[in-house]
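Enquirer: Dumping the structure here so I can ask a few things about it.
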Amino acid sequence: MINAERTRLMTRLAAFEEREGKDALEIADYYRRDYIGAQVLKGMVCGTLAFAIVLVLYVFYNIEDLMQAVFTMDLMLFARDILLVYLGFIIVYGIVCYLFATFQYDRKRKRMKGYLGDMKELYHSYKTPGDSKKR
């Protein structure tokens with residue numbers, strides 16, 4: 001005989017695995033600190049690449065002005081200004097990545113706890129004495 005409660009639990013578990021299973025199950029392999037650190041590191045690398053692309057686009061857009069001013073401007077001061085802008089950008093971007101990764105980890109961990117609770121409930125439903133078929 002089919003147990004309706006078990007069927008509902010199995011359907012809910014299968015739907016979770018189909019929708020968000022990969023992302024949520026990925027978190028189970030990480031401690032909070034490790035997951036957030038990895039996400040921030042990925043964000044910093046991507047942020048550095050994005051900054052470099054924007055810098056190259058800026059140089060290409062203003063190439064004529066830069067070529068005329070290259071002999072009269074202080075290149076060390078120009079490089080220092082670019083470095084300061086980069087550091088400001090990467091610090092703000094790193095903080096945003098940290099906050100986003102923390103939020104994402106907590107949300108996925110909460111969903112994962114619900115999933116594990118459903119798994120335990122399903123497991124215990126097979127051990128109840130009222131069933132005709134014990135495992």
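The values are calculated or read from the model by the stated rules, or taken from the named source; none is laboratory data. Quick caveat: nothing in here was measured; it's all calculated off a predicted structure. Using ideal geometry, Cβ is built from the backbone for each residue, glycine included, and neighbour counts are taken over all protein chains shown. All accessible areas refer to the heavy atoms of the entire protein, side chains included, with ligands and DNA or RNA removed. Shrake-Rupley method; radii C 1.70, N 1.55, O 1.52, S 1.80 Å.
Enquirer: How many lysine pairs are close in the chain, with Cα atoms under 17 Å apart and the two 8 or more places apart or on different chains?
Expert: Numbers: Lys22/Lys108; Lys22/Lys110; Lys22/Lys113; Lys110/Lys120; Lys120/Lys134.
Qualifying lysine pairs in the chain: 5.
Enquirer: Any idea what Rg and Dmax come out to for the range 1-54 if you just take the C-alpha atoms, in Å?
Expert: Cα only, the range 1-54: 18.9, 65 Å (Rg, Dmax).
Enquirer: What is the helix-to-structure angle for 4-19, meaning the angle in degrees between its Cα long axis and the longest Cα principal axis of the chain, kept from 0 to 90 and rounded to the nearest 10?
Expert: Once rounded, one gets 10 degrees.
Enquirer: Which shape class, rounded, prolate or oblate, goes with the range 32-85 when its Cα gyration tensor gives a ≥ b ≥ c as root eigenvalues, a/c under 1.5 marks rounded, and past that a/b bigger than b/c marks prolate?
Expert: On the way: a/c = 7.21, a/b = 2.59, b/c = 2.78.
In terms of gyration-tensor shape, oblate.
Enquirer: Could you please tell me the mean projected area of the C-alpha convex hull for the range 44-135, averaged over all directions and given in square nanometres to one decimal?
Expert: Values: hull surface 38.3 nm².
Across all orientations, the range 44-135 yields a mean hull projection of 9.6 nm².
Enquirer: Set the Förster distance to 25 Å, then compute FRET efficiency between Ala79 and Leu41 from the Cβ-Cβ distance, nearest 0.05. Show your work: numbers first, answer last.
Expert: On the way: r = 25 Å, r/R0 = 1.02.
Computed FRET efficiency for Ala79 and Leu41: 0.45.
Enquirer: For the chain, find the longest principal axis of its Cα atoms and tell me its angle to the long axis of helix 32-61, 0 to 90°, nearest 10.
Expert: 30 degrees
Enquirer: Show me, bin by bin at 5 Å from 0, the whole-percent P(r) of the range 1-104 based on Cα pairs.
Expert: Using 5 Å bins, I get a P(r) of 2, 10, 12, 13, 11, 10, 9, 7, 7, 6, 4, 3, 2, 2, 1, 1, 0, 0 for the range 1-104.
Enquirer: Against the longest principal axis of the chain, how steep is helix 75-125, in degrees 0 to 90 to the nearest 10, with axes from Cα atoms?
Expert: 0 degrees
Enquirer: Quick one: the Cα spread of the range 76-116 along its three principal axes, in angstroms, biggest first?
Expert: 57, 9, 5
Enquirer: Give the carbon-plus-sulfur fraction of the accessible surface of the chain in %, rounded to a whole number; probe 1.4 Å, heavy atoms of protein chains only.
Expert: Numbers: 7050 of 10600 Å².
C and S fraction of accessible area: 67 percent.
Enquirer: While we're on this one: Can you work out the accessible area per residue across the chain, with the rest of the protein chains kept in place, probe 1.4 Å, in square angstrom?
Expert: Values: 10600 Å² over 135 residues.
Averaged over the residues of the chain, the accessible area is 79 Å².
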